[in-house]
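What follows is one structure encoded as structure tokens, with my remarks underneath.
The values are calculated or read from the model by the stated rules, or taken from the named source; none is laboratory data. Fair warning: this is a prediction, and the values are worked out from it, not measured in the lab. Glycine also receives a Cβ, built like all others from the backbone with ideal geometry; neighbour counts cover every protein chain displayed. All accessible areas refer to the heavy atoms of the entire protein, side chains included, with ligands and DNA or RNA removed. Shrake-Rupley method; radii C 1.70, N 1.55, O 1.52, S 1.80 Å.
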Amino acid sequence: MEKLQLPPKPEKSLFKKVRTIVILLLVVALYVWTFTTINIDWSRAIERSINNFHRVIPKLLSPDWAAAGDVGAAMLETVFIAFAGSLMAAVLAVPLSFLAAQNMMGGKVTSTIGKWILSAIRAFPDLILAILFVVAVGPNAFAGVLAIAIGSTGMLGKMFSEIIESIDMEVVQAMEANGANKIQILFYGVIPQITPEFLSYAIYRFEVDIRASSILGIVGAGGIGTMVIFASSNRNWNEMGMILFSIIIVVTVIDFASARIRRKIV
């Protein structure tokens, strides 16, 4: 038997090679220009970093266990903020995702409007939203919930709309051919296809919101971020170590738990 010979791989054209070299040179030049034009006293910065390392890091690695109760309560509030915000976002994102999905709305104009709405929502970082809601409703955890909810709605809406646009439309067309109405198509043809991935992305977004809600207290939106500000202002690095330890533990546990749940759903 004659051995099958694979065709030789096409060599890169001269233009592609030159383009790759030019791009690499531009990237290197950008980095060189950035670091040479920044007004930084590198020797002083390195000296201060070394001093802070010897002074701060040992205290961070020696957590103040006496503050465990207060830190635990603040961390629990942070988890509640993330959960409430993620739940609100998952609910709000569903109608917006259907509005942005072209195969559901039947036209580019409506879906484009939906995509613009989601893009406008995603344009605002969570911290900016938290500042706005602190001004609107006062410095409390509710401001953090609203910031997480609005910030997550834009991202979940985009993900949900892409899931809807990727469903098997033959199922929908078959139901239409058999005389099913819009409600029946939605509940028996669309929702069963999108529910597992919707839940998976919603749980994943909850993981992200745990990290985001940890810093909202910096602007007065509740959670453990408030303790971070007080500990850093008072140079209480032992308490800061306890705060960081609690954040690492909670985020790690939630990451593992949500990963297992998402694997079972999908």
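Compute the accessible area per residue over the chain, keeping the other protein chains in place, probe 1.4 Å, unit Å².
Details: 17120 Å² over 266 residues.
With all protein chains present, the chain gives 64 Å² per residue.
Nearest 10 degrees is fine. How inclined is helix 42-60 to the longest principal axis of the chain, computing both from alpha carbons?
90 degrees
Listed highest first by mean packing, meaning other Cβ atoms within 10 Å per residue, what order do 80-90, 173-183, 116-126, 148-158 come in?
On the way: 80-90: 22.4, 173-183: 11.1, 116-126: 15.5, 148-158: 24.7.
Result, highest mean Cβ count within 10 Å first: 148-158, 80-90, 116-126, 173-183.
On a 27 Å Cα-Cα criterion, which of the cross-link pairs LYS158/LYS264; LYS16/LYS108; LYS158/LYS182 come out too long? Write out the running numbers ahead of the final one.
Details: LYS158/LYS264 23 Å; LYS16/LYS108 36 Å; LYS158/LYS182 23 Å.
Pairs exceeding 27 Å: LYS16/LYS108.
Explain nothing, just the number: relative contact order of the chain, from Cα pairs under 8 Å at least 6 residues apart, as a whole percent. Numbers along the way, then the final one.
Numbers: 304 pairs, mean separation 70.0, N = 266.
Dividing the mean separation by the residue count of the chain yields 26 percent.
Say the dipole of the chain comes from +1 at the beta carbon of Lys and Arg and -1 at that of Asp and Glu; which of THR20, GLY151, ALA231 then lies farthest toward its positive end?
The residue sitting most towards the positive pole is THR20.
With every protein chain present, what accessible area does LYS108 have (1.4 Å probe, heavy atoms only), rounded to the nearest 10 Å²?
Taking all protein chains as shown, LYS108 has close to 140 Å².
On the accessible surface of the chain, probed at 1.4 Å, how many percent belong to carbon and sulfur atoms?
Values: 11720 of 17120 Å².
On the chain, the fraction of accessible area on carbon and sulfur atoms equals 68 percent.
Any chance you could give the angle, 0 to 90 degrees and rounded to 10, that helix 191-216 forms with the longest Cα principal axis of the chain?
The angle comes out at about 20 degrees.
Here are labelled values, (1) 7, 32, 38, 19, 3, 0; (2) 6, 19, 20, 21, 19, 10, 4, 1, 0; (3) 6, 21, 25, 23, 16, 7, 2, 0, and one is the computed P(r) over Cα pairs in 10 Å bins from 0, in percent for what I pasted. Which one?
Matching entry in (1) 7, 32, 38, 19, 3, 0; (2) 6, 19, 20, 21, 19, 10, 4, 1, 0; (3) 6, 21, 25, 23, 16, 7, 2, 0: (2).
Could you order the peptides 205-215, 161-171 from most to least packed, using the average number of other C-beta atoms within 10 Å per residue?
205-215, 161-171
Treating the angle as unsigned and between 0 and 90°, give the value, to the nearest 10°, between the Cα long axis of helix 141-165 and the longest Cα principal axis of the chain.
For helix 141-165, the angle is close to 30 degrees.
Report, in debye and to the nearest 20, how large the dipole of the chain comes out about its Cα centre when Lys and Arg carry +1 and Asp and Glu carry -1 on their Cβ. Provide the component values of the computation, followed by the final result.
Working: 22 positive and 18 negative charges, 167 e Å.
Here the size comes out at about 800 debye.
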